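The values are calculated or read from the model by the stated rules, or taken from the named source; none is laboratory data. For clarity, every value in this text was computed on a predicted model and none was experimentally measured. So basically every Cβ, Gly included, is an ideal-geometry build from the backbone, and we count neighbours across all protein chains shown.
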Amino acid sequence: MRSPSVLALALPALVVLAAEPLYLLVDTAVVGHLGTVPLGGLAVGGGLLAWAAALLNFLAYGTTARAARRAGAGDRAGAVAEGVQATWLALGLGLAVLLLFQLLAGPLTRLLAGGPGDVAAAGEQWLRIAGLGAPLLLISLAGNGWLRGVQELRRPVRYVLAGSLLSLVLCPLLVYPAGLGLAGSAVANVAGQALTAALFVRALLREDADWRPKWRAIGSQLVIGRDLLLRAAVLQLSFLVAAGVAARAGTASLGAHQIALQLFFFLALVLDAYAIAAQTLVGHALGANRPAVARATARRVALWGLATGVGVAALLLALRDLLLPLFTGDAAVLAQAEVVWWFLAVMQPLAGVVFALDGVLMGAGDVGYLRTLTIGSAVAGFLPLSLLAAPLDWGLAGVWTGLCLFIALRLVGVLVRVAGDRWLSAPATVGT
């Protein structure tokens, strides 16, 4: 049976990956016209929820790698079983996140906002409501993971689009005509997540799988999740530190950072479509003991990532004056956003290659190397420059220079790794 092409898998993955950040961009634009305080509150509360989701995204990426190995070996039932156990794990972790946010929403938002104030209060309000959707969000991550692993990406497209469209319709209606303001944004977020999670659960039910929790299988998933979790934790800590530095530079800087960061996350997930394709194809190839196919896939996705990154950079520079006013009319926020726009554009070609090859190494189960590389790049590049930006008065330019250095260091690391052979013999990620 002929394997699907990179684009055949990347295009539907692109729709799924782009749907949530696209909603967040629209949400940012809607809330941005309420004023700088609600926009800052969304930056704080939304940043914490995004932190939790990114920290636990091994529910998608780890499940894809495990399910792809099983599917590549001809064991579809085993791939589906990975999805069932990942869903149980997602439910448990999601309830823990929900409880954490209800108990600590106030202290967390005040910490991120730099102390008590209107921005911290707005962020707390948003987070308490939106945090109710944490279990739903994580269940959807697990559902995406096993369906990608069996190379079925059309169903996730339908499920994610359904939830995102519901959120897109509800958000402006609840914020403005209904008069809920920032709270309306959070309610719309939860409503969309509920619909998407329900559709993913229905897909598993239709597979007639054994729904009993199997603790050994869940434990095996946590093994690969451990490295991805630590990697994500350091990454998200770096972003939280950067947001804290931006908040202390003033409300305008925080608003501009929120706009640029949401665009960065959106574009990162767009480029990550190649990583999803690579992860699925490499997992299948190595599950079928075809290392030459895995290496050829690595070359193809790296070239696609580079070409797409160059195109995205060109579009960002060409459309800057058109895009920025969509998010805010505040002159101070616009001035700060223009500072970081060049950084955002320049890093795109580098990021395109990095994210694609991340997917290659994840599909191969080489997550230990990715963990070490990400932590090293953050400690050597992102964190120091972000922390120095405040005392040295570098502002957002210092924070975003750190982010560019972080991407560059990771690029060197993944290129060196993929050029060798060790990733082809990384331990299998499947377990019983």
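Structure above, values below:
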quantity	calculated
Meets criteria (surrounded by fewer than 24 Cβ atoms within 10 Å (Cβ to Cβ), hydrophobic (A, V, I, L, M, F, W, C), in contact (Cβ under 8 Å) with a residue 40 or more places away in the chain and farther than 23 Å from residue 386 by Cβ) for residue 319	no
Candidates 169, 190 - the one that is touching a residue at least 24 places away in the same chain (Cβ under 8 Å) and assigned to a helix (DSSP H, G or I)	190
Among the residues listed as 368, 359, the single one being under 16 Å from residue 274 (Cβ atoms) and either assigned to a helix (DSSP H, G or I) or among the charged types (D, E, K, R) (or both)	359
Residue tally, condition of a type in the set (Phe, Trp, Tyr) and closer than 15 Å to residue 200 by Cβ, over segment 87-103	1
Any hit, segment 21-44, residues being within 24 Å of residue 361 (Cβ to Cβ), in contact with a Phe, Trp or Tyr (Cβ under 9 Å, 6 or more places away or on another chain) and in contact (Cβ under 8 Å) with a residue 12 or more places away in the chain	yes
Any hit, segment 266-281, residues being assigned to a loop (DSSP other than H, G, I, E, B) and either within 30 Å of residue 29 (Cβ to Cβ) or touching a Pro at 6+ places or on another chain (Cβ under 9 Å) (or both)	no
Exclusive hit being out of contact with any Lys or Arg (no Cβ under 8 Å at 6 or more places or on another chain) and not aliphatic (A, V, I, L, M), set 283, 311, 287	311
Answer from 332, 345, 292 - the residue that is more than 24 Å from the chain's Cα centre (by Cα), free of Cβ contacts under 8 Å to residues at least 40 places away in the same chain and either over 29 Å from residue 40 (Cα atoms) or assigned to a helix (DSSP H, G or I) (or both)	292
Enumerated helices (runs of 4 or more DSSP H) restricted to segment 27-136, each holding at least 3 residues that are surrounded by 18 or more Cβ atoms within 10 Å (Cβ to Cβ) and modelled with pLDDT under 90	36-55, 58-72, 76-113
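Rundown of residues vs (1) outside any helix (DSSP H, G or I); (2) at pLDDT 95 or above; (3) touching an Asp or Glu at 6+ places or on another chain (Cβ under 9 Å); (4) buried (at least 20 other Cβ atoms within 10 Å of the Cβ), yes/no style:
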residue: 148; (1), (2), (3), (4): no, no, no, yes
residue: 161; (1), (2), (3), (4): no, no, no, no
residue: 177; (1), (2), (3), (4): yes, no, no, no
residue: 207; (1), (2), (3), (4): yes, no, no, no
residue: 216; (1), (2), (3), (4): no, no, no, no
residue: 221; (1), (2), (3), (4): no, no, yes, yes
residue: 230; (1), (2), (3), (4): no, no, no, no
